[in-house]
Amino acid sequence: MPSKNRAIEPPNLPSSEILNRGIPDNQLYELESYKNVYLSNCQLEGTRGVDFQCAYFDNVKTINTYFKKLSLQDVRITKSDFANTEWEEASLNKVEFINCRLLGFKIIKSRLKNVIFKGCQGQFAQFNFSKFERVIFENSILKDSTFVEASLTSVKFINCQMNNVILADAKFKDADFRGSNIEGLQININQLKGVILDLFQAAYILQRYANVIVKPVDEETADNI
């Protein structure tokens, strides 16, 4: 039976050479919309209601700042630094984060759809109360991050470091953890419906939360079956 999961839609972007370089006054204005822009080697301060459509961010910094109701549509973000930045009630669709620094990054009460995090450093990031649909975390460090009361639908964690990630009261549907390090993962075993684990992860979860010890069948036992 064919899978019902739809592939992630990538950003629909024109060539970077034809985009507008920078923004007026090198400053974001409240409730302003920015289309077809290329931002590089700059630092931005947070504000409310900013909308980006068809944009490239390259080596952009928004450290220790706050955005309310930020909207990103068809955006590629590379080698950028959002450490300790907070995005509240943000909306992201067809967005890529490539090799970004997301230490302590907070994206809360937000909606993420068709989003990829690849090669990102996301230690202590917070994704609490957010809704994820068709999202991929790949080769990323998510140690000590939190997804409290988040909703994860068709989300994949590919070769990620998820040590001590907190998933309290999160809900899952086709959430795939296979191949990632989940040591110290904090989750209620009753939440596992909708989660896909590999054999090693399943054994770890059973032993950690249900005191079930999983062992391979040895030759002597096999002979007696």
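The values are calculated or read from the model by the stated rules, or taken from the named source; none is laboratory data. Quick caveat: nothing in here was measured; it's all calculated off a predicted structure. Note: ideal-geometry Cβ built from the backbone for every residue, glycine included; neighbour counts use all protein chains shown. Heavy atoms of the whole protein, side chains included, go into the accessibility calculation; ligands, DNA and RNA do not. Shrake-Rupley method; radii C 1.70, N 1.55, O 1.52, S 1.80 Å.
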Query - For percent of Cα pairs over 33 Å apart, calculated from these coordinates, the label among [x] 15; [y] 23; [z] 37 - result: [y]
Query raised in the report: At what distance in nm do the modelled label points of Leu199 and Arg6 sit from each other, each positioned 7 Å from its Cα along Cα→Cβ?
Result: 3.6 nm
Query raised in the report: Using a Förster distance of 30 Å, how high is the FRET efficiency between Asp144 and Ser40, based on the Cβ-Cβ distance and rounded to 0.05?
Result: 0.45
Report summary line: The rounded separation in angstrom of the Cα centers of region 43-104 and region 127-167 is 18 Å
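Leaving out ligands, DNA and RNA, what percent of the accessible area of region 1-143 is carbon and sulfur, probe 1.4 Å? Before the final figure, lay out each step's value.
Details: 3150 of 7070 Å².
Accessible surface attributable to carbon and sulfur in region 1-143 totals 45 percent.
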Requested in this report: With a 1.4 Å probe and every protein chain left in place, work out the accessible area per residue of the chain in Å², rounded to a whole number.
Outcome: 54 Å²
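Work out how much length Lys173 to Ser16 would gain on full extension: take 0.36 nm times their residue separation and subtract the Cα-Cα distance, in nm to one decimal.
Stretched fully, the Lys173-Ser16 segment lengthens by 52.9 nm.
Suppose the chain between Asp51 and Ser91 were pulled fully straight at 0.36 nm per residue; how much longer would it get relative to their current alpha carbon spacing? Display every interim value, and only then the final one.
Numbers: separation 40, 0.36 × 40 = 14.40 nm, distance 0.93 nm.
Between Asp51 and Ser91, full extension yields 13.5 nm more.
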Query raised in the report: Taking the Cα atoms only, what angle lies between the long axis of helix 199-210 and the longest principal axis of the chain, rounded to 10 degrees?
Result: 80 degrees
Requested in this report: Amide H neighbours of Ser151 under 5 Å, at least 5 residues apart or on other chains, H built in the peptide plane: list them.
Outcome: Ser130, Lys131, Phe132, Lys171
Query raised in the report: Calculated FRET efficiency, Ile189 and Asp25, Cβ-Cβ r, R0 45 Å, to nearest 0.05?
Result: 0.25
**Report entry** Glu183 accessible area, assembled protein chains, probe 1.4 Å, Å²
**Finding:** 110 Å²
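I need the Kirkwood Rh of region 24-136: take the reciprocal of the average 1/r across all distinct C-alpha pairs and report it in angstrom.
Values: mean 1/r = 0.0733 Å⁻¹.
In region 24-136 this quantity evaluates to 13.6 Å.
Do the sum for the chain: with -39,500 (n - 2.57) for every DSSP H run of n ≥ 4, divided by all residues, what is the mean residue ellipticity at 222 nm, to the nearest 500 deg cm²/dmol? Walk me through the numbers on the way to the answer.
Details: 2 runs with 18 residues, N = 225.
One gets -2500 deg cm²/dmol as the mean residue ellipticity at 222 nm.
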